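Here's the structure we're looking at; comments come further down.
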Amino acid sequence: MTVTGHIARIAVPKPLPQLFDYLVPENLKPPAIGSRVRVPFGRQSLTGVCITLDPEDAHQAPKPLLAVLDDGSVLGDEIFQLGLWLASYYQHPLGEVLGTLLPAEARRGSELKIHRERIWQLRNSEAAPRRAPKQAALIGYLKQNHGCASHRALREAGFSQTVIRALAGKGLIVAGEAADPETSPPRGAATSGRHALNAEQQAAMVQLQNEGTGFVPTLLEGVTGSGKTEIYMRLIEQVRAQGRQVLVLVPEIALTPQTLSRFEARFGSASTMHSGMTDQQRLQTWLRCRAGEEGILIGTRSAVLTPFKNLGLIVVDEEHDGSFKQQEGLRYSARDVAVKRAQTLQIPLLLGSATPSFESLHNAQTGRYRHLELKHRAGGAVMPSFNLLDIRGHTLSDGVSDRLQRIIATHLEAQGQVLVFLNRRGYAPSYLCPTCGWAAICGRCDMRMTLHRKPPGLICHHCDHRIGLPAACPSCGNGHLLAVGLGTQRTEAGLRAMFPDTPLYRIDRDTVRSQKRLEESLRLINSGAPAILVGTQMLAKGHHFPNVTLVAIINADAGFCSADFKAPERTAQLIVQVAGRAGRAERPGEVWIQTYQPENPILTALVKEGYQGFARREMATRRAGGLPPFRPMALLRAESHEPKAALGFLETAREAIRHRHRTEIEALGPAEAPIPKLADRYRYQLLLLADTRAQLHRALHVCAELPLTARRLRWSLDIDPYDTF
Ligand code: ADP
Ligand code: ZN
Ligand code: ZN
């Protein structure tokens, strides 16, 4: 074979730290940096990305490339550079990072071509066919839509192929291609649903406009229902008016039809990017964003990796939300990546939340972010009152105290709706034999299995292992087994017995499996009649339930006694977010929190001083402990079928780090993980803390030298971990 003599250095999508060199055969053009190539790899052929051409230290006698798939860089310079940054910041193999940045379809090596939509344009609006009502209706539809509509929109509006073809045949409509936003159906400056800003919103808006363009990160801390979304939309309008693109990141759970329709009502159209899309749909959206053809992209975590031609603003809604952190593979935080991108592109960034993460609060307090506040609810609704309900010495029935039962009854009688929150699905977290002490334990995790009644069975909530309900104790044969503890199904059953005439909706991962069922429940709830809603954090976020006047949190204590140092922060955020569902319309709301620890300082701070008071107190504890956000942290996890292998691996890592960076790094552990065994693997972890990020990253380079797949051992590095489970 003849070769050009060029050598291309390629990142392949494998968990390997190194890059690989390939010869460029004579019949191929040398690949551009950032373009996709097909390369032989072992017995496979893989789609990699060209990192450099003709590196000085090229390897000897490399194999030839099979194909060059693109003329230029696929990702564009900004995202390619972002890839290099991600690989270094998260200490993750570059090939896998670039694989994550490419949509699945592109990773497979498919051609990257935008599927143009056929657009039908009205030629002659006067000559409406009189005796063909469907054709006349189509012409009427086009008139209403500025004379044009996409083929898909027409089909969705109920016009058949036959009707479209008939009109085209008469020359009354003509087809074109939507090549760019100018010839696409108008996507636009609709202004429906626009509120006149209240004084607080106005003040925030003035501040936001003051700085003009450039990298201006802002934390918008506004209580639930304070009109943050209205502010996002005003800013978006301005950026769109300059013809620039906007990226809006929302938590997984918030990408409800409600959110999307709110944006659509305002801007005519917005595209979405989320895990429920097909690969081809994702690719198309990705390509249109890259080409500058999408004005607004609303998406969950991975949307932050989308290339844009002319991005002018990034909004991160509910910036504290855990779904922004990827928990496997490349463990990136979409919020932090958004900050990085806004900085690179020198554009404004808006982080919004009623319960900001400590990281963002810290950045605001140290002046790195501008801090804007909305302290009141927009449009007249008032904040709900917070109350602790001391249940020491009380008997609970299915989690509900007598007093709470009376409070619920009062709200239902006053035609209000009641939301009952507890953070555990299933019926009961333990299933025991009172005679011999047997307990249902997951054989793979050594943890208790949760009893489910609907449908009946035992489920391990850690590894999802499922077994049928034993008819009798497997150990002694006793037929009367005991359900201990509380889950949503149990509270549902209890409340049904207490309030047999009130409709009850349970919303948790088990009932939300079907989107249709969720939407039906939401529709019934929003009809406003008295009802009880029981659920997990699925109820906490994004939903607007105008008629909920009471929020009851029935087991708040659990979250405050976790082994994880971030658990209080997450629990407080959850409580405030759930509480924020109360009193969102005309009628004021009440929040009741059942607790066995009414003197718990964290809980009382939260109730008396709100999230800000809580955060001040809890952040002081973090500062004293030298924990994030005051010092950067990394978590090295290892798991193995043999506990010794995992522990030994982490001990080696700790010694290597101590040896070279003794003074710079504080290493805690290795210790058993809070979930010590998961799906047959024993889990250990080593926490690493430093005073500066540079110090931490220097030490983490040691990890690059650790064997990536030691025998029967899996390990991972989590930079800025969201939790330490
Ligand atoms: P957040 O995003 O802070 O939770 P939203 O933007 O969803 O708040 O606003 C909460 C409610 O208040 C919504 O129903 C919204 O339509 C309404 N709203 C927002 N701004 C105003 C305003 N200036 N005047 C009246 N109602 C408003
Ligand atoms: Zn028994
Ligand atoms: Zn299990």
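The values are calculated or read from the model by the stated rules, or taken from the named source; none is laboratory data. None of the values given here were measured: they were computed from a predicted structure. Please note: Cβ atoms are built from the backbone with ideal geometry, for glycine as well, and neighbour counts cover all protein chains shown.
Listed conditions (1) touching a residue at least 12 places away in the same chain (Cβ under 8 Å); (2) loosely packed, with under 13 Cβ neighbours inside 10 Å are all met by Arg130, apart from (1).
Filter the range 610-637 for residues that are buried (at least 20 other Cβ atoms within 10 Å of the Cβ) and of a type in the set (Gly, Ala, Ser); which is farthest from the chain's Cα centre (by Cα)? So, considering only residues that are buried (at least 20 other Cβ atoms within 10 Å of the Cβ) and of a type in the set (Gly, Ala, Ser), the one farthest from the chain's Cα centre (by Cα) is Ala615. The single condition from (1) touching an Asp or Glu at 6+ places or on another chain (Cβ under 6 Å); (2) farther than 21 Å from Leu349 by Cβ that Ala291 fails is (1). Output the number of the condition that Pro384 fails; it satisfies all remaining conditions of (1) more than 16 Å from ligand 1 (Cβ to nearest atom); (2) in contact with a strand residue (DSSP E or B) (Cβ under 9 Å, 6 or more places away or on another chain); (3) closer than 28 Å to Lys608 by Cβ. It is condition (1) that Pro384 fails. Of the residues making up the range 174-231, just one is away from ligand 1 (no atom under 16 Å from the Cβ), part of a helix (DSSP H, G or I) and either closer than 19 Å to His320 by Cα or modelled with pLDDT under 85 (or both), namely Asn210. In the condition set (1) within 15 Å of ligand 2 (Cβ to nearest atom); (2) in contact with a Cys (Cβ under 8 Å, 6 or more places away or on another chain); (3) without any contact (Cβ under 8 Å) to a residue 40 or more places away in the chain; (4) hydrophobic (A, V, I, L, M, F, W, C), Ile441 is compliant with all but (2). Among the residues examined, Ala440 does not qualify as in the same structural domain as Gly580 (by TED's automatic domain parsing), surrounded by 14 or more Cβ atoms within 10 Å (Cβ to Cβ), away from ligand 1 (no atom under 16 Å from the Cβ) and aliphatic (A, V, I, L, M). Taking Thr300 as the residue in question, decide whether it is more than 16 Å from Val239 (Cβ to Cβ), hydroxyl-bearing (Ser, Thr, Tyr) and in contact with a Gly (Cβ under 9 Å, 6 or more places away or on another chain). No. Answer with yes or no whether Glu237 is closer than 25 Å to Gln515 by Cβ, part of a helix (DSSP H, G or I) and either within 16 Å of ligand 1 (Cβ to nearest atom) or in the same structural domain as Leu372 (by TED's automatic domain parsing) (or both). So Glu237 fails the test.
Being within 23 Å of Lys566 (Cα to Cα) and assigned to a helix (DSSP H, G or I) is the requirement here; does His697 meet it? Considered against the rule, which asks whether it is within 23 Å of Lys566 (Cα to Cα) and assigned to a helix (DSSP H, G or I), His697 comes out as yes. Of all residues in the range 93-121, those that are of a type in the set (Ser, Thr, Tyr) have Cβ atoms under 6 Å from Cβ atoms of residues that are surrounded by fewer than 21 Cβ atoms within 10 Å (Cβ to Cβ) and not in a helix (DSSP H, G or I), 6 or more apart or on another chain, in Thr100/Leu330. Restricting to the range 83-104, name every residue that is among the aliphatic types (A, V, I, L, M) and within 20 Å of the chain's Cα centre (by Cα). Leu86, Val97, Leu101, Leu102, Ala104, listed by residue number. Looking across the range 481-528 at every residue that is in a helix (DSSP H, G or I) and of a type in the set (Ser, Thr, Tyr), the one that is nearest to Lys454 (Cα to Cα) is identified as Thr488. Pairing each residue of the range 355-373 that is within 21 Å of Glu230 (Cβ to Cβ) with any residue that is among the hydrophobic types (A, V, I, L, M, F, W, C) and in a loop (DSSP other than H, G, I, E, B), provided the two are 6+ apart or on different chains, yields C-beta distances under 7 Å for Arg370/Val216.
Each residue in the range 563-620 was checked for being among the charged types (D, E, K, R) and out of contact with any Gly (no Cβ under 9 Å at 6 or more places or on another chain), and 9 of them qualify.
Of the candidates Gly528, Gly416, Gly487, the single residue that is within 28 Å of Thr549 (Cβ to Cβ), surrounded by 13 or more Cβ atoms within 10 Å (Cβ to Cβ) and within 16 Å of ligand 1 (Cβ to nearest atom) is Gly528. Scanning the range 554-576 for residues that are of a type in the set (A, V, I, L, M, F, W, C) and either within 24 Å of the chain's Cα centre (by Cα) or surrounded by fewer than 19 Cβ atoms within 10 Å (Cβ to Cβ) (or both) returns Ala556, Ala558, Phe560, Cys561, Ala563, Phe565, Ala567, Ala572, Leu574, Ile575, Val576. Can you find, within the range 445-477, the residue that is modelled with the highest pLDDT among those that are away from ligand 3 (no atom under 16 Å from the Cβ) and surrounded by 15 or more Cβ atoms within 10 Å (Cβ to Cβ)? Filtering the range 445-477 for residues that are away from ligand 3 (no atom under 16 Å from the Cβ) and surrounded by 15 or more Cβ atoms within 10 Å (Cβ to Cβ), the one modelled with the highest pLDDT comes out as Cys473.
Of all residue pairs spaced 6 or more apart or on separate chains, those with beta-carbon atoms under 8 Å, a first member in the range 228-245 that is closer than 19 Å to Ala196 by Cβ and a second member that is of a type in the set (Val, Ile, Thr) and away from ligand 3 (no atom under 16 Å from the Cβ) are Tyr232/Val248; Tyr232/Val315; Leu235/Val315; Ile236/Val246; Ile236/Val248; Ile236/Ile296; Ile236/Val315.
If I filter the range 110-117 for residues that are touching a strand residue (DSSP E or B) at 6+ places or on another chain (Cβ under 7 Å) and modelled with pLDDT under 90, do I get at least one hit? Let's see the steps before the verdict.
Start the filter on the range 110-117 by keeping residues that are touching a strand residue (DSSP E or B) at 6+ places or on another chain (Cβ under 7 Å), which leaves 116-117.
Cutting the leftovers down to modelled with pLDDT under 90 gives us 116-117.
Scanning the range 110-117, I find at least one residue that is touching a strand residue (DSSP E or B) at 6+ places or on another chain (Cβ under 7 Å) and modelled with pLDDT under 90, so the answer is yes.
Residues that are charged (D, E, K, R) and touching a residue at least 24 places away in the same chain (Cβ under 8 Å) were ranked within the range 375-411; the one that is farthest from Leu486 (Cα to Cα) is Lys375.
Among the conditions (1) touching a helix residue (DSSP H, G or I) at 6+ places or on another chain (Cβ under 7 Å); (2) modelled with pLDDT under 95; (3) buried (at least 16 other Cβ atoms within 10 Å of the Cβ), the only one that Leu249 does not satisfy is (2). As a summary of the residue check, Glu672 satisfies the conditions (1) under 31 Å from the mean Cα position of the chain (by Cα); (2) part of a helix (DSSP H, G or I); (3) of a type in the set (D, E, K, R) except for the one numbered (2).
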